[in-house]
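In what follows, a structure is listed as structure tokens, so that the remarks can point back to it.
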Amino acid sequence: MSKNKKLISIIVPCYNEEESIPLFYKEIEKVRNKLTEVDFEYIFIDDGCKDNSLGEIRELARKNSCVRYISMSRNFGKEAGMYAGLEASKGDYVAIMDVDLQDPPEMILDMYKTLTTEDYDCVALHSPDHKDYGFVRKLFTKMWYS
């Protein structure tokens with residue numbers, strides 16, 4: 001990491017996500033390679049996973065010094081994982097992302113641009129149209145947001 005560059009912390013809570021972790025990492029690395037003016041740190045939170053999520057995370061940390069992780073002693077829930085990640089983050093900017101790619105990593109590009117070129121100190125992602133959702137999911141999503 002460079003002392004002159006800003007740092008983006010990506011907090012990734014995980015619960016039984018061993019298959020999603022490599023896919024997420026591949027996509028977030030594409031974003032990091034496009035945002036060369038900043039440094040990244042990835043903080044994966046193992047929230048008491050019962051599968052090999054922790055093994056996948058450890059392998060990423062072994063290969064890339066930008067990857068750190070916290071392993072919780074049991075499942076405390078996503079909010080506790082997010083809090084642990086926020087406490088551990090060192091970034092000038094922080095993003096909390098779902099490892100299952102519900103939050104498209106490429107949106108970080110637009111969010112970072114908004115934060116650095118407009119008069120905002122916080123941005124969020126919201127998908128109002130849900131075109132790719134099936135009927136039942138659309139129904140429950142609509143109920144949730146109303």
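The values are calculated or read from the model by the stated rules, or taken from the named source; none is laboratory data. Fair warning: this is a prediction, and the values are worked out from it, not measured in the lab. For neighbour counting, all protein chains shown are included, and Cβ atoms are generated from backbone atoms with ideal geometry for every residue, glycine included. Side chains included, ligands, DNA and RNA excluded: accessible areas come from the protein's heavy atoms. Shrake-Rupley method; radii C 1.70, N 1.55, O 1.52, S 1.80 Å.
Restricting to region 77-110, what's the tally of residues that are closer than 17 Å to Arg32 by Cβ and either out of contact with any strand residue (DSSP E or B) (no Cβ under 7 Å at 6 or more places or on another chain) or open to solvent by less than 40 Å² (accessible area, probe 1.4 Å) (or both)?
Here is the first cut: in region 77-110, the residues closer than 17 Å to Arg32 by Cβ are 89-97, 99, 101, 103-110.
After this cut, where a residue has to be either out of contact with any strand residue (DSSP E or B) (no Cβ under 7 Å at 6 or more places or on another chain) or open to solvent by less than 40 Å² (accessible area, probe 1.4 Å) (or both) as well, the list is 89, 91, 95, 97, 99, 101, 103-110.
Residues meeting the conditions: 14.
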Checklist outcome for this item: Residues in region 96-123 that are more than 15 Å from Cys14 (Cβ to Cβ), touching a Ser or Thr at 6+ places or on another chain (Cβ under 7 Å) and in contact (Cβ under 8 Å) with a residue 12 or more places away in the chain total 1
Next on the checklist: Taking the criterion of being loosely packed, with under 15 Cβ neighbours inside 10 Å and touching a residue at least 40 places away in the same chain (Cβ under 8 Å), would at least one residue in region 58-76 satisfy it?
Outcome noted: no
Checklist entry - From the residues in region 13-37 that are touching a residue at least 60 places away in the same chain (Cβ under 8 Å) and over 15 Å from Glu106 (Cα atoms), which one is most open to solvent (accessible area, probe 1.4 Å)? => result Tyr15
